[in-house]
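What follows is one structure encoded as structure tokens, with my remarks underneath.
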Amino acid sequence: MSHLSLSVSPRRVAFLALVTLLPAVSAQGSTERLEADLRGVFGEHGEVTIGEVSSGTLRSRVTAEEVVFRGEEGERLLIDRYVVSGDYDSPDEVTLEGVRLEDELSEMALVEIERIVLGEPSRAVFPLDDSLAPQDVRIATLEIDDIILDLSSELARDMFDDAELDDAQGRMTIARVRGEGLSHTAIERFEIADVSGMGENLGEFGAGSFALGSLVFEGLQGLDNEDEQRLDALLLSDLVVDAERLVGSLARLSVDGDFSDGQGGLEIEDFQADLARMIELAPEEERAQMRMASNVLTDGSGDLRVDVALLGNWEEGDTQSLITSDSHVTIHEAIRLLVDVELPVVLPEGVTPAAVFAEDGVLESATLLGGSLRLILAEQGLFGRMATLGAAMEGITESQYLEQARTQAEGFGMMFGPEVQQFLLGLVSLAEGNADELEVALTLPAESNLETYTGDPMALPERLEMRVETR
């Protein structure tokens, strides 16, 4: 009968032992580094206590529990759990649970956050001082859930960066914050959802409450250089304000600032202001003037409703480009303004049509190859009510007021030309009710630039072909 004997060299035994012990040694090193880094963040400005620092047994993870920082000015920051997952030098994820900043004397919570998750951050712990270069701060993804914020806290003032909110009092809640591609120069995407709050001294709004469905922006660049700042897109939805100086709502605000696809602009959908409520809340000495403006804009209903679309498009050709705009502003029950622009242009070498919309001053260097601009004013009651108010304020009849306006229009026409006269007389026709629309069509000369028109505005009627129609 034979038997098998197995011999293992001392060198191999040592190697196997080393391989077995490496994860434990690495985990122990990570726990020590996490504790040291957390103490380094806060230690110079107060006292730090940490309940326990441990490492995970099934996966690479190190956790610090019951982290408490007591500051020199009485503030106290508590973190139930601080978790670093993955390689400590290049974490997959850093999670903070149960974050609470409070005033130690009153124990009042200034900020409460249920959970913060940093995806693929450039460091496991970011220092609060300037020891880390801005370019070394990067976060691939950001998730924050359930924020409660005291509006009188320093964090709130930093968030809004508004001196008018220095005296703000109140609370705000944010259900969800999401971000992607965050660095010191740019933010790829950022979203805030389900925001609500109430308080006093809220800047221009005064005291009151507010709610916001969501705010999303994408492609924010140039954070480190104001001259290069750019925003590709912004979308705000379901804003409601009920305050001393504004009672209203906004269904949707969208900004498309990326013209690389040939289009962009600004849209406002269903902005409403309860002017009647705002008048009731206003100081007594301001109510009469506000009531007059409300009556003119809303025909006495006190409900102002506005829709806006300011849109631009461009098409790039071999020798020239075409810039167009189809825009409108509607104040319901008052007036509708439509603008239609078509400008063939030759841009300086190296300048794209998108830059015309994105950068100030680019259009000034372009050569305009003619083009047209059409403006339509659609009367929905505004001019008629203005005539009634004007007559009442001057103590004359409405017919006398309109006749006076007609005489003034004819006088201006003698000074600035027949085209201006036709335009002013068209406004009088809208006020009289003899016309519903006033259209002004302008045709530019074959070759010009903006300075042709801005240098001497008084000479515009002579340089442009102008047609005015009422119907």
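The values are calculated or read from the model by the stated rules, or taken from the named source; none is laboratory data. Please read these numbers as outputs of a predicted model, since none were measured by experiment. Neighbour counts are summed over all protein chains in view; Cβ atoms, including those assigned to glycine, are modelled from backbone coordinates with ideal geometry. Side chains are part of the model used for accessible areas, which takes the heavy atoms of the whole protein and leaves out ligands, DNA and RNA. Shrake-Rupley method; radii C 1.70, N 1.55, O 1.52, S 1.80 Å.
To the nearest 500 deg cm²/dmol, what mean residue ellipticity at 222 nm is calculated for the chain from DSSP H runs of n ≥ 4 alone, each contributing -39,500 (n - 2.57), summed and divided by the residues?
Mean residue ellipticity at 222 nm (helix-derived): -8000 deg cm²/dmol.
What number comes out for the charge environment of residue 241, summing +1 per Lys or Arg and -1 per Asp or Glu over other residues with Cβ under 13 Å away?
-3
Indicate the helices, whole DSSP H runs only, in the chain that combine a mean Kyte-Doolittle hydropathy of -1.0 or more with a Cα extent along their long axis of 20 angstrom or more.
10-42, 284-298, 398-416, 418-432
With the full set of protein chains in place, find how many percent of the accessible area of the chain is carbon and sulfur; take the probe as 1.4 Å.
Its accessible area is 51 percent carbon and sulfur atoms.
Give the ranking of 59, 467 by solvent-accessible surface, highest area first, calculated with a 1.4 Å probe.
59, 467
What is the log10 of I(q)/I(0) for region 252-298, computed with the Debye formula using one identical point scatterer on each Cα and no solvent, at q = 0.25, 0.29, 0.33 Å⁻¹?
Those come out to -0.87, -1.00, -1.12, one per q.
At 1.4 Å probe radius, can you tell me the per residue accessible area of the chain in Å²?
Counting only protein heavy atoms, the per-residue value for the chain is 58 Å².
Can you grab the distance from the C-alpha centre of region 403-442 to the C-alpha centre of region 129-192, Å, no decimals?
Using only Cα atoms, the two centres lie 53 Å from each other.
Does region 160-233 classify as rounded, prolate or oblate by the C-alpha gyration tensor (a ≥ b ≥ c root eigenvalues; a/c under 1.5 gives rounded; else a/b over b/c gives prolate, otherwise oblate)?
Oblate is the answer for region 160-233, as a/c is 1.5 or above yet b/c matches or exceeds a/b.
Can you check what the Kirkwood hydrodynamic radius comes to for the chain, Cα pairs only, in Å to one decimal?
Radius from the Kirkwood sum: 28.3 Å.
Once the other residues with Cβ under 13 Å from the Cβ of residue 440 are scored (Lys, Arg +1; Asp, Glu -1), what is the net sum?
-3
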